[in-house]
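Reading through the C-alpha cells given below for one structure.
Read-outs throughout are calculated quantities, based only on the coordinates presented, and are distinct from any laboratory measurement. Not measured: the values here are computed from a predicted model. Cβ coordinates were reconstructed from backbone atoms using ideal geometry, including for glycine residues, and neighbour counts include every protein chain displayed.
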Amino acid sequence: MKKPTIKRLNRFTTLPILLDLLQRKKLTLLNPQLWEDKNDAEVILEYKKRKKVRNLFAICMSHADETIHNWKAFSQGSSGCVIEFNAIALFEILDNIPNLRHQAVVYRKLGDIEKKDSIIDIEEMPFTKRWPYRCEEEYRIIAVSNNMNDTFLEIDISLDIINKITISQQMPDTIYKTIKDHLKGLKGNPESRINRSTLYENKRWINRFKKI
C-alpha cells in the first residue's frame, strides 16, 4: 500500500464524541447508512453489496485546515470541536488492522463519470465523492465485517497521537474554561494543546486592519 504524505488529520465532531474518545481511548467507526448525504451513503452501500459483506463501517476526517463548511456541516453549535491527529502515527495503527482500508477521497464531476469511456473501479467506490464536496478534503477510513453481531467497529488508540483539540468559538467563555480543564485531566497531560477556535472572530486579523 502506498504510504500517504498527509501529516495531520482533523476529526470534526461534537463534545460527547470527544469525551468518549478520551475516556475509553477508542476511535469508533459507524454504519454510514444514516449519513445525511445520500449520494455518499448509497455509493458505499452499493460497494458493500458488490463485495458481499454483511457490515461496513466508516469514519470521516479531513486533511484540510479549519473551514466554515466543515464546522457547520460536522461540528455545528456550542458543543462542536475538532480533534487533530498525528496522521503518521494513526496510519501505523490502521495498517495493522485486517479488513480495513484508508485513503484520501477523490472528488469527481457528474459529467465525467457519465462519459461512455469512464471507468469506475469498484475498489475506489468508497473513496469517491461528488465534486461539490471537494472543499472538505476528506480522508476516509472504512472496515468490513461478516459478523452479524457487529454494529460498529472500535479501534484502540493512544492519546499521544492527538496533536491538539479545538473547541467551538460559540461555546461561552466560562463553560469553555471548565471544559478545557476537564479535557486536560482526561488526556492526562496539563500541557495539552486545547484551545478555542478563532475562525469567527480572530483578534489578530481584526487588529491588523484597525492599525492601517
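May I ask you to evaluate 6.51 cos²θ - 1.76 cosθ + 1.60, the Karplus curve with θ = phi - 60°, for each residue of region 53-63 and list the ³J(HN,Hα) values in order in whole Hz, giving x for glycine and proline?
10, 6, 9, 9, 10, 8, 9, 10, 10, 9, 9
Suppose only helical runs count, i.e. DSSP H with n ≥ 4. What mean residue ellipticity at 222 nm does that imply for the chain under -39500 (n - 2.57) per run, divided by all residues and rounded to the nearest 500 deg cm²/dmol?
-9000 deg cm²/dmol
Is there a quick way to get the dipole size of region 8-210? I mean about its Cα centre, with the Cβ of Lys and Arg at +1 and of Asp and Glu at -1; what is the value in debye to the nearest 20? Let's see the in-between values first.
Working: 33 positive and 28 negative charges, 84 e Å.
Rounded to the nearest 20 debye, it is 400 debye.
Pick from D173, D117, D95 the residue whose mean-square fluctuation is largest in a GNM of the chain, springs joining Cα atoms under 10 Å.
Residue with maximal mean-square fluctuation among D173, D117, D95: D117.
Beyond 22 Å between alpha-carbons counts as too far, so tell me which of K26/K187; K48/K72; K52/K109; K72/K164 fall in that bin.
Going by Cα-Cα distance, K48/K72; K52/K109 fall outside the 22 Å limit.
May I ask you to list the aspartates and glutamates whose Cα is less than 20 Å away from that of K25, ignoring any residue fewer than eight positions away on the same chain?
E84, E92, D95, D150, E154, D156, D160, D181, E191
Please list 3J(HN,Hα) in residue order for region 84-90, calculated via the Karplus relation 6.51 cos²θ - 1.76 cosθ + 1.60 where θ = phi - 60°; whole Hz, with x for glycine and proline.
Once θ is set to phi - 60°, the couplings for region 84-90 become 9, 9, 6, 5, 4, 5, 5 Hz.
Quick one: which residues, 5 or more positions from Q103 or on another chain, have an amide H under 5 Å from its amide H? H modelled 1.01 Å from N in the peptide plane, none for Pro or chain starts.
R140
Can you tell which of I119, L90, M61 lies farthest toward the positive end of the dipole of region 43-175, using +1 and -1 charges on the Cβ of basic and acidic side chains (Lys, Arg; Asp, Glu)?
Towards the positive end, the residue furthest out is I119.
Read phi for every residue in region 189-195 and hand back ³J(HN,Hα) as whole Hz from Karplus 6.51 cos²θ - 1.76 cosθ + 1.60, θ = phi - 60°, with x for Gly and Pro.
9, x, 8, 4, 7, 10, 9
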